[in-house]
Structures are given as structure tokens and as C-alpha cells.
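Here is the structure we will look at, set down as C-alpha cells.
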Amino acid sequence: MTAAFVQGTKARTSSGLTQTTPGLTTTTGNTFVLASQWSRNTGTFSSVSDSKSNTYTIVDTQLDWEGVNGGWRFYTCENGTGGASHTGTITLTGSNGPITLFFFELSGLASSALDQHTRREDTASAFTLATGLTTTQANEILVSFFAGNTGSNPGTHAETGLGSSTIQTACEETNGASFWTGAIATSVKSSTGTFNPSWTESGASAAAVGLATFKAATAAAVLRKNSLLRLGVGR
Amino acid sequence: MPAVKRMSSVQVLPLANYPNGSHSAGPIDIADDVTSVDFNIQRCTTATPTIWPNASTLLTIIPEVSLDNGSTWAECGRSTSSGGIGFDKHGNEAGFTLAGGGLPTGTGRKYRVTAVITGGPLRSTATVEVN
């Protein structure tokens, strides 16, 4: 089976406490991801949730970046419950501040699909990880999450390190004048390798860069009709 | 009313004291190339202390979009904010809260928003920003 990015959506506020995404019609059994960037000097992270009561697991830990300002978290729910009007929500406590939230769906993944993952702050463009990650299975989907500190509108994005990646525009925020900007890029691979995302954002001086790789489900062997299945016979 | 085009602003709540409860605006027709719509409400600042001054006054914004001429509606980016002074991404006092989400693609779309106030009244003014 081929792992795939199915769909995604975004929501953001320039100064708030909770933010919910628009709803998607999702499929039960797929993997759902919530990726968020907010201002730590106003809001303290409280929780993420979705409208289908799925349980989300954080990938790595919260990344604190941009001095005392940036907070970044990436959550997954594998083999989740989907359906109509499926939304994701982040809740903060404290003072109102900017929040950007991406919610997206992946399909064709193995059970326990999460393979390699890491994240860091980079302060020199092109923004990358310190070193690339080496996948352990040939068929995987690479997901890179980027958050930048540009004040430009638009703050345009490009990703060139994953090889033939796609910036998922439904999960991209470019208005740096009002919101935390960022994007999701995906790349489907058919052989193992070492991969390091390389992002640019116009006007950015620092960024949070993350990469998570997910194993594709392997197709079960199929015994076709009228085939000969040779069995060993004991003596 | 013709469809609201990209990079337009529509006032939906004139400056007033809004009591607790739900306050609806719209629906408005939005142009087919619009990608997102944001609700923009003025906030309390040092310079505007009478606007939404109390942190106990909560505002939940529920934007919705219809793809079938208003027969059915889907939420598109609910958010909650409290009153008092808030901050923008640069750490400065935020003069307004701008919030919303991406819109599903389609033609002939309609947009409406419901603002739910608790702990009010809430004194402010709001527009819808079409992107």
C-alpha cells in the first residue's frame, strides 16, 4: 500500500486562548495529526483534542524557540476514529496570544507507523535539522512541519531537502503580519534513505523545523484462485 | 448583494455594548477564489481601555460556510478569546483579535458567523476580513 497525505486544514488567531480547525470528513483507521505553533510568553499549553474523542500522542516534546516566545508541538493519533465534521482543537491558558493550528489526515500507514522523528530551532536560512534522519523501511511518507518568525505578508515557503516534496497548501499559513506562519511538506518514498528537510521562508530569521517519518502498510500476500501452493510433507 | 471579493472587509458588528448570548452576522456571499475568512474584533489596549476590558468576558466566534446555498452549514475555525489586554506575535498589545480558518473550495459559497458572549456585556466592533 502507498502511504499518502489525504487532506488537511488550518485555523489561526492573532490573539486568543483556544482555536479549532474547520471540519474534515475523515476515514476511520487513518492517522490524524495536529501541529501547532503559539506564543509561550502569553499562553501556556493545556491540551489538544479532536471532535471524535481520539487520543493524541506527542511526537518528541514541546519545542521552545524564538527566545521566550515560540511554542511548538506535533501530535499524532494512529488508527483513529474519523467521520464527518472532524475538527482539531488546541487550548491554552493564560493571556490571549497568537495560535496557528494545522490538522491533517494520512492514509495507508502500518500499525505503529511512526519511524524516525526529531525537531529543532534553526537560526540560519535555509532552515534544517542538525542532521538528517535515516528511515528503516523502504515505503514511507516523510512529513516535515515548519514554523517561522517572519513578519512578512505573505511569507512564502519552499522546501528542497526531502527530494520531490509537496507543500500542502491547506496546511500553510503565510500571513506573518498577523499570525504565526508555517507549513507542512510531505514526500512519499519507495526506498530507504537519509533525509533532512531544508526550508526557506521570506523574511524569517529563525524557525522551528521538524521531521517525522511514517511506515506504509505492507500488502498481505494473496493466494490467487487456481494457484498451486506447495506444502512440505513430513516423512 | 454581490459576492464579497478577496481582500475585502465587511462590518458585521458596529461599536456597541453587546449583552450575553448569541449574536449572528450574515450570511454573505463570498467570491469563488476566496481561500479564508477571518473575524476581526477590536480588543482592549492601554489606548482603548473601554473596549472589552474584562478578562472574565469570553467571546466564542463560530464561523460557518455553506456549499449548497445555505441548506447546510459547516464550521470553519471556531475560536475563543477573553477580554482585557492581549498580545500579538511581536509581543505588543493586540489592538484586535483576527481569527478564522481555511475554507473548503466551492462555488457560490456563503459565510456566516455567530459570536457567543458570556460574562458580558462586551463593548466592541467587528468586521469580517475576506482573503
>> I need the phi-derived Karplus couplings for segment B:21-28: 6.51 cos²θ - 1.76 cosθ + 1.60, θ = phi - 60°, integer Hz, Gly and Pro marked x.
In response: x, 9, 10, 9, 9, x, x, 10
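What does the net charge come to around B:Asp88 if you take all other residues with beta carbon closer than 13 Å to its beta carbon, with K and R at +1 and D and E at -1? Could the numbers behind the result be given before it?
Numbers: positive: A:Arg12, B:Arg43, B:Lys89; negative: B:Glu93.
Overall, the nearby charge balance is +2.
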> To the nearest whole number, what is the average tally of beta carbon atoms from other chains within 10 Å of the beta carbons of peptide B:58-64?
Replying inline: 2
> In sequence order, what are the phi-derived ³J(HN,Hα) couplings for segment A:123-134 according to the Karplus relation 6.51 cos²θ - 1.76 cosθ + 1.60 with θ = phi - 60°, rounded to whole Hz, with x for glycine and proline?
Replying inline: 10, 9, 6, 6, 8, 9, 7, 5, 9, x, 9, 9
>> Quick one: 3J(HN,Hα) in Hz for segment A:3-8, Karplus 6.51/-1.76/1.60 with θ = phi - 60°, rounded, Gly and Pro as x.
In response: 6, 8, 7, 7, 5, x
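Ranked highest first by the average count of other Cβ atoms within 10 Å around their residues, in what order do A:168-176, A:24-32 fall?
Details: A:168-176: 20.9, A:24-32: 19.0.
Packing order, densest peptide first, comes out as A:168-176, A:24-32.
Compute the orientation-averaged projected area for chain B from the convex hull of its Cα atoms and round it to one decimal in nm².
Values: hull surface 31.1 nm².
Result: a mean projected hull area of 7.8 nm².
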> log10 I(q)/I(0), Debye, Cα-only the protein assembly as shown, no solvent, q = 0.07, 0.11, 0.14, 0.15 Å⁻¹?
Replying inline: -0.32, -0.73, -1.14, -1.28
> Using modelled backbone amide H atoms (1.01 Å from N, in-plane), which distant-in-sequence or interchain residues come within less than 5 Å of A:Ser152's amide H?
Replying inline: A:Gly176
>> What does the net charge come to around A:Gln137 if you take all other residues with beta carbon closer than 13 Å to its beta carbon, with K and R at +1 and D and E at -1?
In response: 0
>> For a distance above 15 Å, tell me the whole-number percent of Cα pairs in segment A:49-137 that qualify.
In response: 70
> For the pairing of chain A with chain B, what total accessible surface becomes buried, with a 1.4 angstrom probe, in square angstrom to the nearest 100?
Replying inline: 1800
> Using a Gaussian network for chain B with springs between C-alpha atoms less than 10 Å apart, which of these wobbles most: B:Gly91, B:Gly101, B:Gly26?
Replying inline: B:Gly91
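Taking 8 Å as the Cα distance limit and 6 or more residues as the minimum spacing, I'd like the relative contact order of segment B:8-131 as a percentage.
On the way: 323 pairs, mean separation 60.5, N = 124.
The value is 49 percent.
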> Does segment A:1-159 classify as rounded, prolate or oblate by the C-alpha gyration tensor (a ≥ b ≥ c root eigenvalues; a/c under 1.5 gives rounded; else a/b over b/c gives prolate, otherwise oblate)?
Replying inline: oblate
> Can you pull the mean other chain C-beta count within 10 Å for peptide A:20-27?
Replying inline: 5
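At a threshold of 8 angstrom on Cα-Cα distance, excluding pairs fewer than six apart, so keeping six or more, what relative contact order does chain A reach in percent?
Details: 681 pairs, mean separation 60.8, N = 235.
Result for chain A is 26 percent.
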> Which three extents, in whole angstrom, do the alpha-carbon atoms of segment A:87-210 cover along their principal axes, largest first?
Replying inline: 43, 32, 23
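Please compute the average number of Cβ atoms from other chains found within 10 Å of each residue's Cβ in peptide A:99-109.
What the average comes to for A:99-109 is 1.
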> Once amide H atoms are placed 1.01 Å from N in the peptide plane, what residues at a sequence separation of 5 or more from A:Gln7, or on another chain, have their amide H within under 5 Å of its amide H?
Replying inline: A:Glu105
> What residues qualify as long-range amide H neighbours of B:Val12, i.e. H under 5 Å apart, gap of 5 or more or another chain, H built at 1.01 Å from N?
Replying inline: B:Ala126, B:Thr127, B:Val128
> Ignoring ligands, DNA and RNA, what accessible area per residue does chain B give at 1.4 Å, in Å²?
Replying inline: 44
> Among residues other than A:Thr2 whose Cβ falls under 13 Å from its Cβ, what is the net charge (Lys/Arg +1, Asp/Glu -1)?
Replying inline: +1
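The values are calculated or read from the model by the stated rules, or taken from the named source; none is laboratory data. Note that the structure is a prediction, hence the values are computed from the model and not measured. Note that each Cβ is placed from the backbone with ideal geometry, even for glycine, and that neighbours are counted across all protein chains shown. SASA here: full protein model, heavy atoms, side chains in, ligands and nucleic acids out. Shrake-Rupley method; radii C 1.70, N 1.55, O 1.52, S 1.80 Å.
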